[in-house]
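The values are calculated or read from the model by the stated rules, or taken from the named source; none is laboratory data. A quick note: this is a predicted structure, and the numbers were derived from the prediction, not measured. Neighbour counts run over all protein chains shown; Cβ positions are idealised from the backbone, glycine included. To get the accessible areas, we keep the full protein, side chains included, count just its heavy atoms, and leave off ligands, DNA and RNA. Shrake-Rupley method; radii C 1.70, N 1.55, O 1.52, S 1.80 Å.
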Amino acid sequence: MSKEVFVAEVKRIVGLMRGGDADGANAAFGSLFTAPLFGEQRPEDRRQAFKLLVLAKRSGAPSVTMLDAHRAANEPLEALVAATHDPEDYEMLGVCRAVLGHPDEAAVAIREGLRLERDRNPQSDLCGRLMTRLSSL
C-alpha cells in the first residue's frame, strides 16, 4: 500500500464518519488494519489511523462493527507498541482492549504507558489522561 493509497483510504474513512456511516467507517477501518501492507506505513501514519478509531468519542454500547474494527486494530496496535514503546500507543492499546472487554489487559497497557510518560514528563496532559483511563477501568 503506497503512502498515497493509504492517505486516500483514511480520508475516505473520515468522510464516512462525518457522513454518519459509522458501520461503513468501522468496516473500512477493519479492512485497513488487516491490509498486508498496513504495517509498512510509518509509525506516525499508523498511529493517526488508530487514533481515529480507538480514541473517537462515542456513547452507548459498542456496535458489532465497532467491535470488529477494534479486533482488527488490536494486533497491529500491539506491533506498533512493540516497535515504538510510545506512551500514546500504550494508551490506544489499553482503550482498544477495554472496548473489547479485557479490562485487566487494558490496565496493564495503560499502566505501562503511564510509567513511560511519567519518566518523560510527569506533568503532561497524557499522564492525566492515562490516570483517568486507569481509574475508569
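Could you say whether any residue in the range 39-46 is of a type in the set (S, T, N, Q) and either more than 24 Å from Val7 (Cα to Cα) or more than 12 Å from the chain's Cα centre (by Cα) (or both)? Looking for residues that are of a type in the set (S, T, N, Q) and either more than 24 Å from Val7 (Cα to Cα) or more than 12 Å from the chain's Cα centre (by Cα) (or both), one finds at least one in the range 39-46, hence yes. Cβ-Cβ contacts under 8 Å between residues 6 or more apart (or on different chains), taken from a first residue in the range 109-137 that is over 15 Å from Met92 (Cβ atoms) to a second residue that is aliphatic (A, V, I, L, M) and open to solvent by 50 Å² or more (accessible area, probe 1.4 Å), are absent. Of all the numbered requirements in (1) open to solvent by less than 50 Å² (accessible area, probe 1.4 Å); (2) more than 24 Å from Pro87 (Cβ to Cβ); (3) part of a loop (DSSP other than H, G, I, E, B), Ala56 misses one, and that requirement is (2). Does Ala35 satisfy the criteria of being surrounded by fewer than 21 Cβ atoms within 10 Å (Cβ to Cβ), among the hydrophobic types (A, V, I, L, M, F, W, C) and either in contact with a strand residue (DSSP E or B) (Cβ under 7 Å, 6 or more places away or on another chain) or closer than 20 Å to Glu117 by Cβ (or both)? Criteria not met by Ala35. Condition first: more than 26 Å from Gln123 (Cβ to Cβ), of a type outside the set (A, V, I, L, M, F, W, C) and open to solvent by 50 Å² or more (accessible area, probe 1.4 Å). Can you find one or more residues in the range 72-80 that meet it? Within the range 72-80, one or more residues are more than 26 Å from Gln123 (Cβ to Cβ), of a type outside the set (A, V, I, L, M, F, W, C) and open to solvent by 50 Å² or more (accessible area, probe 1.4 Å).
Within the range 83-106, can one find any residue that is touching a Lys or Arg at 6+ places or on another chain (Cβ under 6 Å), aliphatic (A, V, I, L, M), open to solvent by less than 40 Å² (accessible area, probe 1.4 Å) and part of a helix (DSSP H, G or I)? Taking every residue of the range 83-106 in turn, at least one turns out to be touching a Lys or Arg at 6+ places or on another chain (Cβ under 6 Å), aliphatic (A, V, I, L, M), open to solvent by less than 40 Å² (accessible area, probe 1.4 Å) and part of a helix (DSSP H, G or I).
Residues in the range 2-22 that are exposed (fewer than 15 other Cβ atoms within 10 Å of the Cβ) and either outside any helix (DSSP H, G or I) or not aliphatic (A, V, I, L, M) (or both): 10 in all. More than 15 Å from Asn26 (Cβ to Cβ) and surrounded by 15 or more Cβ atoms within 10 Å (Cβ to Cβ): does that describe Pro62? No, not satisfied.
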